[in-house]
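Below is one structure, written out as structure tokens; comments come after it.
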Amino acid sequence: MEERNTPIDFADYTVVGSSKRTMAKNFMANVFLWMFGALAISAATAFAFATTPSLLLSLINETTGGLNLLGYAAMFAPLVFVLTMSFAFNRLSATALTLFFIAYAAVTGVSLSFILLIYTSGSVISCFAAASLMFGIMAVMGYTTDKDLTSFGRILTMGLIGIVIASLINFFMKSEMMEYVISIVGVAVFTGLTAYDVQKLKRIGEGVEFEGTPATATRKLAIMGALNLYLDFLNLFLMLLRLFGNRRD
């Protein structure tokens, strides 16, 4: 589930103003509001599918016991949504981008419903709590630090690319050791990316010169920022679950 990183060059939005700090706080508040809203949608959808047999069976081929066409669509749809939102950012209206983001959160919840069936409830809750704590600490660090994390972010991006490549290789190798190593590296990478992305978004909030309707431009940038942080948190949670989660018997 390493489908992160939007190719939008937020640096294209430059600004001037005496209330940069206030702008940053308001912008970050919107970003986190969208992010938490998306997490709530994903959690509700995952719980609904995991606890409703009729919904779950709609994703499974009763003959083979594997995923049916709809099930595979649910697994790969989140990636399609992320790519669409990223590459069509400038062409999509704020309303369309909002709908895409909500749909992405819901579809991701469907794909996550299988996790609730694989891992024990205690494991899911404890790993979610751990991910929340780590995410929160790094978000505060990224927002408050005066150190420029740009070079750090480049290193983390390289690490992310390595994780994606290693995961593709291990998809065929099925090596438990490699999966363990990937998960350890993944925790470090997504923890660091949280601080980097928060700092990047803070700078965006400090200086965006909005074109057109300010509220519209703000919402689009806030949604894309929320998508980045959502993916950081989600992947951190999944990596922790792979490392410490207890599977059901």
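Structure notes:
- From the options Ile60, Ile41, residue that is surrounded by 12 or more Cβ atoms within 10 Å (Cβ to Cβ), among the aliphatic types (A, V, I, L, M), in contact with a Gly (Cβ under 8 Å, 6 or more places away or on another chain) and free of Cβ contacts under 8 Å to residues at least 12 places away in the same chain: Ile60
- One residue alone among Phe101, Phe135, Phe89, Phe114 is closer than 20 Å to Ile41 by Cα, out of contact with any helix residue (DSSP H, G or I) (no Cβ under 6 Å at 6 or more places or on another chain) and crowded, with 16+ Cβ neighbours inside 10 Å, and that residue is Phe114.
- Qualifying residue in region 80-93 (condition: assigned to a helix (DSSP H, G or I), among the small types (Gly, Ala, Ser) and over 20 Å from Leu201 (Cβ atoms)): no
- Test: residue in region 190-201 that is surrounded by fewer than 16 Cβ atoms within 10 Å (Cβ to Cβ) and part of a helix (DSSP H, G or I): no
- Cβ pairs under 8 Å, 6+ apart, first in region 67-92 and within 19 Å of Gly225 (Cβ to Cβ), second part of a helix (DSSP H, G or I) and basic (Lys, Arg): Phe89/Lys220; Leu92/Lys220
- In region 72-79 there is at least one residue matching the filter, namely being surrounded by fewer than 17 Cβ atoms within 10 Å (Cβ to Cβ) and hydroxyl-bearing (Ser, Thr, Tyr).
- Among the candidates Met35, Met28, Met23, residue that is modelled with pLDDT of 95 or more and in a helix (DSSP H, G or I): Met35
The values are calculated or read from the model by the stated rules, or taken from the named source; none is laboratory data. Since we're looking at a predicted model, the values are computed, not measured. Methodologically, a virtual Cβ is constructed for each residue, glycine included, from the backbone with ideal geometry; neighbour enumeration extends over all protein chains shown.
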